[in-house]
Each structure stands twice: as C-alpha cells, then as structure tokens.
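The values are calculated or read from the model by the stated rules, or taken from the named source; none is laboratory data. Note that the coordinates shown come from a computational prediction; the quantities given were computed from them, not determined experimentally. Positions of Cβ are backbone-derived with ideal geometry, glycine not excepted, and every protein chain shown enters the neighbour counts.
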Amino acid sequence: MPLMQKTSALALALALSGVPSAPLSAQQPAAVTPIEVSNFTCRTAQPPGAPSSQAWWEASVELNARSAPGTRFTGRVKVALTLGFEKGLSKEVEFYQSSVELVALEAGRVSTVRFYLPPEITKRDGLRGAPKYHVVSVTNAGKEMPATAASRASAFTGAAMLGNFLAKAAADGAANAGLLVPQHLTPFWQDATRPSPTPLRAGGNSNN
C-alpha cells in the first residue's frame, strides 16, 4: 500500500475509534521551568533616610528557577505568603497574607521576592523576629510548584497541621488584609540594594 494510502487509513481508523488525530507536537505539553523556594529569611529594615523608629519587618523569599529543555524564561509566576505570629503568653496566632505576580523569571538564576509589614503594625502587634509559621506557595504559568523545606516552617509536623493552619488563616486573616505587602508597594521598591523581579501590575492590589 502506498504511503499516502496508509496515512489515510490510519487517520480513518483513529477517527472511527474516537482517538484525536492531532499532530504529535500539539499533544505534548510545553516544558514548565521548575521553581524552588531555596531560602526564607526575616529581618527588620529601614528605608533610606528613615529613623530607626520607622523600621519595617521584611521577609525574603529566594526562588531558584532551574533550567528546563527549550526554556529560557518562566511563564507568569505567582508567589503567595501566609504568616502566623504567636502573640504573648496566650500563644494566640495573628495571621498575615499577601501575594504578588511576576512577569517572568529567568531560568538558571536565583531571584528574591520580598514582603513587608509597616512599622505601625510591628509596633501595634509586638512583632519580633521570625514568625513561628510561614507557608510560601509558588505557581508557574498556573502550575503549582512542589513544596520545599524552605517554603514551610519547621513547626509544621504533618499535612493535617498544615491544612488546619491554612484553613484558619483563610477564616481569620481578613482582619489583617492588606497589611502585609509586596516590595513594589513600599519605600523599598527602588532600593538598588534590594533587586527584585518585575511585578505584573506595579500599582495593583497586593492580594491579586
């Protein structure tokens, strides 16, 4: 049987069997660059020229965009951070949440995304040092990236505890909505000592 007749026969068989006859290239998903949370650190930081009484609380999330075949840049990357600070002797947990969407990350490089709490809030809530709980989630082109040791606080002892924390943060976090903000909504946005990836909407909502 000539090659053309064989091809037509195969297409007919696929059509009768209900199997799509799309080209092979259309059936293979594009490679998604793996992104890992390689480090999570906290400290206080002063905007240039500000007095020490105006120190902000800063969380830095290091993202390692690993190289993938055929890709130099990721798709849009969303980074979401949920914090839980224990307050006083009561051990009551205060929740803060924020997220930022980045236009892209370059594969093979480590980038740092930062979130901040303003000085009024650190004073009001008595926040010091690192929170007992933190969860960082990352999506690349809509695909959730696997968690790493750095993306979750060591205080989480299992999936059930993590799930309970996230559920409680979703229920109780509204009281502090908008207080934790990404870098582009702070005085540190144009700080040359704190380079950061470009956010998708530089003037948009911090919780998009």
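At a glance:
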{"read-out": "Filter result for residue 194 (at pLDDT 95 or above, under 25 Å from residue 51 (Cβ atoms) and basic (Lys, Arg))", "value": "no"}
{"read-out": "Residue match in region 61-70 (condition: in a strand (DSSP E or B), hydrophobic (A, V, I, L, M, F, W, C) and over 23 Å from residue 192 (Cα atoms))", "value": "yes"}
{"read-out": "Total residues in region 93-120, condition farther than 13 Å from residue 179 by Cβ and not in a loop (DSSP other than H, G, I, E, B)", "value": "12"}
{"read-out": "Output for region 52-92, where each listed residue is modelled with pLDDT of 95 or more, out of contact with any Leu (no Cβ under 8 Å at 6 or more places or on another chain) and farther than 20 Å from residue 178 by Cβ", "value": "60, 62, 64"}
{"read-out": "Close pairs from region 47-68: first closer than 23 Å to residue 106 by Cβ, partner hydroxyl-bearing (Ser, Thr, Tyr) and not in a strand (DSSP E or B), Cβ under 8 Å, at least 6 apart", "value": "65/33; 65/74; 66/33; 67/33; 68/33"}
{"read-out": "Residue selected from region 76-92 under the condition assigned to a strand (DSSP E or B) and of a type in the set (D, E, K, R), by the criterion surrounded by the most Cβ atoms within 10 Å (Cβ to Cβ)", "value": "78"}
